[in-house]
1. So if the hydrodynamic radius of the stretch 86-186 is defined as the Kirkwood radius over C-alpha pairs, what does Stokes-Einstein give as its diffusion coefficient at 4 °C and 1.567 mPa s, in µm² per second?
2. Considering the convex hull of the alpha carbon atoms of the stretch 134-205, report its projected area averaged over all viewing directions, in nm², one decimal.
3. Tell me which residues come under 5 Å, amide H to amide H, from Trp93 once H is placed; ignore anything under 5 positions away on its chain.
4. Suppose every Lys and Arg Cβ carries +1 and every Asp and Glu Cβ carries -1, with no other charges. What dipole size does the chain come out with about its Cα centre, to the nearest 20 debye?
5. For the stretch 107-172, what relative contact order do you get, as a whole percent, if you take Cα pairs closer than 8 Å and at least 6 residues apart?
6. Per-residue counts of other Cβ atoms within 10 Å, averaged by peptide: what ranking do you get for 132-142, 182-192, highest first?
7. Give the carbon-plus-sulfur fraction of the accessible surface of the chain in %, rounded to a whole number; probe 1.4 Å, heavy atoms of protein chains only.
8. Quick one: Debye curve from the alpha-carbon atoms of the chain only, equal weights, vacuum; give me log10 I(q)/I(0) at q = 0.08, 0.10, 0.11, 0.19 Å⁻¹ to two decimals.
Amino acid sequence: LKNDGFVKSALDLMQQLPLNAAQLTETDYWRALLERDAGNLLKAEETLQGIVKAGVRRTAARAGPELIHMEYESERIDAVEAIDRLEKLRFAWRGDDFELELLSRLGDIYVAQKEFNIGLQTLKMAVTFFKESPKTATLTRQMNRIYSDLFLKGEADALDPVKAVALYSEFRELIPLGADGDAMTRRLADRLVSIDLLEEAADLL
C-alpha cells in the first residue's frame, strides 16, 4: 500500500466510530493489507478469512483474490486451483478496480503456465473494459512485453508452428512498428519455411 502510515492512522480513527457490518469489514480488509505488506502473512490471512466468512458481498469479493494470491505465492495451491478459484470470483463483483485487478492476476497466471492465448485474451479484456483506468497503460505495456518475448526473443519457438501463427495474427495489434516488428515476422516465416509450410510463410510475409 502507498502511504501506509496515513492508512493506519485513518483506520485507527475509524475504529472509534460506530460502524455498521459493511464498514467494519472494509476496515478489516485494509488492516489485512497492512499486515500483508508488513510481512505478517498469517495474521493477514486470518483477517481475510474472517472477511470472507462475514459474507458482506463487496468486501468478501475483494478479500477472496488476496487469499488466493497468498496461497499461490506460497505454493499451497497450484496454478490450476488458483485459476479455477479466480475465475469463479469474476462473477462475485463486477466493475471497478476489483475486476480489473482480478483479470490482471488471471492473465499473469495463464501466461506463467504457457497458456499465452487465453492469458493475452484476459489481459486484453481488462484493457478493453477499463480503458479509462490509469492501470490500463501498465497492462498494455505488459501485453507488449509478452508478445515481444514470444515472437522476438524466441519463446514462441516451443509452440506448434500453426498455433504460433494463429497467436501472432490474433494479437497483431501488438506488433511493434519498425525493425522489431519486421524481425518478428521474418523469424516466424523462417520457422514455417523450415518445416515446409511455404504457402503459410508467404501469406505471413
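1. Once the numbers are plugged in, D ends up at 91 µm²/s.
2. 4.8
3. The answer is none.
4. The dipole magnitude comes to about 680 debye.
5. Once normalised by length, the contact order is 19 percent.
6. 182-192, 132-142
7. 55
8. -0.38, -0.56, -0.64, -1.30
The values are calculated or read from the model by the stated rules, or taken from the named source; none is laboratory data. Computed from a predicted model, the values in this text were never measured in an experiment. Don't worry about glycine lacking a Cβ; one is built from the backbone with ideal geometry, like all the others, and counts go over all protein chains shown. To get the accessible areas, we keep the full protein, side chains included, count just its heavy atoms, and leave off ligands, DNA and RNA. Shrake-Rupley method; radii C 1.70, N 1.55, O 1.52, S 1.80 Å.
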